[in-house]
Amino acid sequence: MSVVLARLNENNVEIPDVTAPAAAYVPYVISGKQVFISGQLPFHNGAISQTGHLGKNVSLEQGQETAKICGINLLAHLKNACGGNLDKVKQVVRLEILVSATPDFNDPHIVANGVSELIKLAFGDEKGSHARVAYGVSSLPLGAAVEVAAIFEL
């Protein structure tokens, strides 16, 4: 078992099997030494775990947990891209977090901490430190509250 998967298992984080894309795209693209992971929704047990809007019917804590679930799905596709070995990741480069929110919701960056903390847990402080952008949007696919995309270096 890889060091990354062992770290996640110790913290009760289980990486699921990958799911098929919900539209006309691929889950990841490898270009040179970089892996670009498509936006991941908060699927858990075959369904979207949290729908709605931050600032309306989704709490900040629910948003953070939803971001974490998106991150777990992101790691599932990354694991697939790495041939099952997440230890091949040299650096987490960038996370992009989209938060379905009301116009007056000003804390997408706090919601994003749910996935950022998961990534740092998985890869450690050095490899897991990353650039990030988080912003509010009016809607996301399938009514999801959060979506996360990422870039990794192998």
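Where a number appears in this text, it was derived from the coordinates with a stated rule and is not lab data. What you see is a predicted model; the values in this text were computed from it and never measured. As a convention, Cβ positions derive from the backbone with ideal geometry for all residues, glycine included, and neighbour counts pool all protein chains shown.
Hey, of [x] 15.3; [y] 25.2; [z] 16.0, which did the structure itself give for Kirkwood radius over Cα pairs in Å when calculated? Only one listed value fits the structure, namely [x].
Antiparallel beta bridges, as assigned by DSSP with both residues in the range 3-153, represent about 70 percent of the total such bridges.
May I ask for the distance between the Cα centers of the range 3-47 and the range 109-154, given as a whole number of Å? Centre-to-centre (Cα) distance: 12 Å. Counting only DSSP H runs of at least 4 residues, each contributing -39500 (n - 2.57), and dividing by the residue count of the chain, the helix-based mean residue ellipticity at 222 nm comes to -11000 deg cm²/dmol. Placing +1 on the Cβ of every Lys and Arg and -1 on the Cβ of every Asp and Glu, with no other charges, gives the chain a dipole of roughly 380 debye about its Cα centre.
Any aspartates and glutamates with Cα under 15 Å of the LYS127 Cα? List them, leaving off those in the same chain fewer than 8 positions away. Within reach: ASP87, GLU117, GLU153. Computed on the chain, with alpha-carbon pairs under 8 angstrom and 6+ residues apart, the relative contact order is 34 percent.
Towards the positive end of the charge dipole of the chain, with charges on Cβ (+1 Lys, Arg; -1 Asp, Glu), say which of ALA101, VAL148, GLY46 has the farthest Cα. Going by the Cα projections, it comes out as VAL148.
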